[in-house]
Each structure stands twice: as C-alpha cells, then as structure tokens.
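A.B. asks: There's a structure below that I have some questions on.
The values are calculated or read from the model by the stated rules, or taken from the named source; none is laboratory data. It should be emphasised that the depicted structure is a prediction, and the values quoted were computed from it without experimental measurement. Note: accessible area is taken over every heavy atom of the protein model, side chains too, but ligands, DNA and RNA are not part of it. Shrake-Rupley method; radii C 1.70, N 1.55, O 1.52, S 1.80 Å.
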Amino acid sequence: METLEQNKRMPSLGNSFNQGWEVMKKYFLILFLVIIVVGIIMGPTQLIHYNVDPSHHNHWDWQSGWDWHFPTAGLIAVGILATVFALFALAYALLIVPVFRYGGKMMFLQAVRDNRPDFNMLINGFRENYLSIVLANLLAAALIMLGFIALIVPGIIIACRLAFVGYLVMDKKYDAIMAVEESWKLTRGYGWTIFAMALVSFFIYLAGLCLLFVGIFPASIWVNSSFASLYNAVLTEKSA
C-alpha cells in the first residue's frame with residue numbers, strides 16, 4: 001500500500017493528469033473563475049495583431065475621412081495612433097498580464113496542495129515580488145524566442161525546461177535569474193514528460209473546442225491543474 005501511494009505521488013504524465021482531474025472536480029467553481037479572470041486580462045493581448053495590422057482597415061476610404069488635398073495627413077495620424085496603441089499594448093502585455101498569469105498559476109498550485117485558492121493571489125504580485133515577475137516573464141520569453149529562432153527545436157527544449165519559472169517566482173519568491181536556473185535544474189530528467197504533457201494538453205484543448213467552445217473551460221482547468229501537479233510532485237521529489 002505504501003509503495004502504491006508513493007507511485008501515485010511520482011512525477012509522471014499519468015499521475016499529473018489524474019491529480020489534475022481530481023483537483024478540477026474539487027475546486028471547479030473557484031478555478032473556473034480564475035480562468036475567466038485571467039482570460040479577460042489576457043484577451044487584449046490576443047487582439048493586438050488585428051488592431052495594428054493595416055490590412056484589416058483596407059475597407060476604409062482615407063479620402064472620405066480627410067481632406068483629399070492632404071491624404072498623407074490621415075495616414076500619418078493613423079500611424080501615430082497605431083504606434084501609441086502598440087506601445088501601450090506592449091506595456092500592458094509586459095507589465096500587467098504576467099502578474100495575473102503568475103497569480104493564476106499560484107492559485108492552481110494552492111488547489112493542488114489542497115489549500116483553498118486565495119483570489120488575492122491574482123493581484124498579490126503587484127504588492128510582492130513585482131519586479132521578479134516582470135523580469136522572469138521577460139527573460140523566459142526571450143530565451144524561448146531565441147531558441148525558436150535557432151531552428152525551432154531548441155525553443156521547444158527551452159520552453160519545456162523553463163516550464164516551472166512562474167511557479168518558482170510565486171511559490172519560492174525567487175528572482176528572475178534564480179527562477180530560470182532552478183527551473184532548469186528541476187526539470188532535468190522531466191523534459192520529455194513536460195513535452196508529452198504539452199502534446200496531450202493540445203488534444204484536450206482541441207476536444208474542448210469541439211464541444212461548442214464550452215468545453216474549453218474545463219479543458220483549461222484540467223491542463224493547468226495537471227501542470228501545477230507536476231511541479232509540486234517534482235519539487236517534492238527533488239527536496240526529498
């Protein structure tokens with residue numbers, strides 16, 4: 001019996017998704033609200049490419065809105081507005097979104113540890129460890145981007161090895177450098193597990209989308225709970 005319980009706590013794809021499923025059932029409403037809030041916060045960043053892409057405004061007749069003697073004035077004005085909007089969106093994506101996203105990760109981790117998730121965690125990053133959250137998110141994104149530029153495969157490897165950065169910043173209060181280094185250490189030997197979980201997660205999301213989009217919510221809860229379960233299991237094993 002003891003061996004069976006130990007096997008259930010081992011970091012693995014099956015154990016992570018099984019525990020993620022149990023966590024979702026127990027804390028569904030709370031985690032459902034977390035997904036909605038974080039989704040709303042992240043929503044504007046998903047629309048940036050649409051708003052600033054000139055191809056989406058081809059239907060507009062510039063000369064109908066501006067004096068036809070100065071058609072370039074309208075283009076200049078729109079260009080300035082687009083630049084300002086892009087800068088604002090970039091600042092929003094780099095300075096606001098990571099706090100809520102990392103806070104959401106911590107709430108899922110609380111649920112995995114069978115502690116009632118605290119909604120204060122969503123904004124706690126603005127009061128504590130704010131600079132570490134912003135810098136860790138920026139550093140991890142930059143490293144992954146550089147990896148993808150280097151023929152994609154290194155980017156996938158880096159993304160898998162840095163999967164725990166957000167948890168470490170929130171859970172252990174690490175700064176950006178420490179979080180990246182510790183995530184790299186913790187995920188040693190679990191890169192394939194994380195990659196396999198990412199693939200399985202893709203099909204879970206796909207199945208959720210097929211259910212008239214309603215299924216995307218439980219799919220997201222299940223996936224996030226599963227990754228939080230893996231982090232907690234790896235952390236426990238490495239600590240032991």
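A.B. asks: If one takes the longest principal axis of the Cα atoms in the chain, at what angle in degrees, from 0 to 90 and to the nearest 10, does the Cα axis of helix 13-26 lie?
C.D. replies: 80 degrees
A.B. asks: Between the helical axis of 216-239 and the dominant principal axis of the chain, each derived from Cα atoms, what acute angle in degrees is found, rounded to the nearest 10?
C.D. replies: 50 degrees
A.B. asks: For helix 28-46, what angle does its Cα long axis make with the longest principal axis of the chain, in degrees from 0 to 90 and rounded to 10?
C.D. replies: 30 degrees
A.B. asks: Lys172: which lysines have alpha carbons under 21 Å from its alpha carbon, excluding same-chain residues fewer than 8 sequence positions away?
C.D. replies: Of all the lysines, those that pass the test against Lys172 - Cα under 21 Å, at least 8 places apart if same chain - are Lys105, Lys185, Lys238.
A.B. asks: Work out how much length Lys238 to Leu29 would gain on full extension: take 0.36 nm times their residue separation and subtract the Cα-Cα distance, in nm to one decimal.
C.D. replies: Stretched fully, the Lys238-Leu29 segment lengthens by 72.1 nm.
A.B. asks: For the range 184-240, with every protein chain kept in place, what is the accessible area per residue (1.4 Å probe, Å²)?
C.D. replies: 54 Å²
A.B. asks: Let me ask you something else. Can you send over the carbon and sulfur percentage of the accessible area for the chain, probe radius 1.4 Å, protein chains only?
C.D. replies: In the chain, the share of accessible area belonging to carbon and sulfur is 71 percent.
A.B. asks: Can you give me the convex hull volume of the Cα atoms of the range 122-182, divided per residue and expressed in Å³?
C.D. replies: Hull volume normalised by residue count: 69 Å³.
A.B. asks: Still on this model: Sum -39500 (n - 2.57) across every DSSP H segment of at least 4 residues in the chain, then divide by the residue count to get the 222 nm mean residue ellipticity, nearest 500.
C.D. replies: For the chain, the value works out to -25000 deg cm²/dmol.
A.B. asks: According to the Cα gyration tensor, what semi-axes, each the square root of 5 times an eigenvalue, does the equivalent ellipsoid of the chain have, listed from largest to smallest in whole Å?
C.D. replies: 39, 20, 18
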